[in-house]
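Asks: Below are the structure tokens for one structure; questions will follow.
Since every read-out is calculated from the coordinates, none of them should be taken as a lab result. Computed from a predicted structure; not experimentally measured. Don't worry about glycine lacking a Cβ; one is built from the backbone with ideal geometry, like all the others, and counts go over all protein chains shown.
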Amino acid sequence: MVCVYVNGVISSCVFMLYINDLAEYGVLRHPLVTDFTSLIIGILGSLIAALIMFCLKKRYDNYRIGHSEFSGYWRTDIYEDDNTTLAKTDFMLIKHDKKTNEFRGDIKREKPEEQNYRDRVCRGVFTKDIMLVVVWSKKNLLSHGASHLVMTNDYEYSGYYQRYDKSTKDMTLIKLTCRKLTKKDEIEKAQSLFK
């Protein structure tokens, strides 16, 4: 934002100098016309420069996020209390910021099918070999918690999802695994959920 302001001030000064040069050579003779014209052109120059810088920053941010190896579709397998039986499957579409290592995304439930309406949002961070995720529901559903996952392989993480259980008034840990989708058919399957 400071860049936009500084660029706007510089643009204003350049335009004002240009108008003053025109006035010196007799193109614009009246002082009122020169001052008013300089003011208008300075303001317009500042606005145009600010708009250009804003657009360039947005494009750079989108490029930085879109070209991260962590951005894309991920599959999360959630297990029963025995830690071996698969209970639920979610797909995440995340956008990772390479500069901050933070990510944000949407989560759609695939299985069980009767829970397909459970749309959630996530935010998190990758730190070396750890993936930390906070999840909450888009709707007013009891579907929120936090995950702490450790890298087990390239783009594969395993760990636990922690949430508050109202019935026992205790925190429960649920085992889950998360991996980035790389095969075309898996990605197409995930894309169909996000349409």
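Asks: If I model a spin label as a point 7 Å beyond the Cα along the Cα-Cβ vector, how far apart are those points for TYR117 and VAL134 in nm?
Replies: 2.7
Asks: I want to make sure I understand the PRE zone here: with the label point 7 angstrom from the Cα of THR172 toward its beta carbon, which residues in the stretch 128-145 have backbone N atoms less than 15 Å away?
Replies: Only 142-145 pass the distance filter.
Asks: Could you name the lysines in cross-link range of LYS175, using Cα to Cα under 17 Å and dropping any fewer than eight places away on the same chain?
Replies: LYS88, LYS111
Asks: What is the dipole size for the stretch 72-193, taken about its Cα centre, with +1 at each Lys and Arg Cβ and -1 at each Asp and Glu Cβ, in debye to the nearest 20? Spell out each step's value before the answer.
Replies: Details: 24 positive and 20 negative charges, 109 e Å.
I would put it at about 520 debye.
Asks: Percent relative contact order of the stretch 65-195, based on C-alpha pairs within less than 8 angstrom and at least six residues apart?
Replies: Details: 293 pairs, mean separation 27.0, N = 131.
Relative contact order comes out at 21 percent.
Asks: Here is a further query. Only sites in a loop by DSSP and with at most 11 other Cβ atoms within 10 Å count here; which GluC sites (Glu not before Pro) in the stretch 44-116 make the cut?
Replies: On the way: sites: GLU69, GLU80, GLU102, GLU110, GLU113, GLU114; in loops: GLU69, GLU80.
Loop-located and lightly packed - GLU69.
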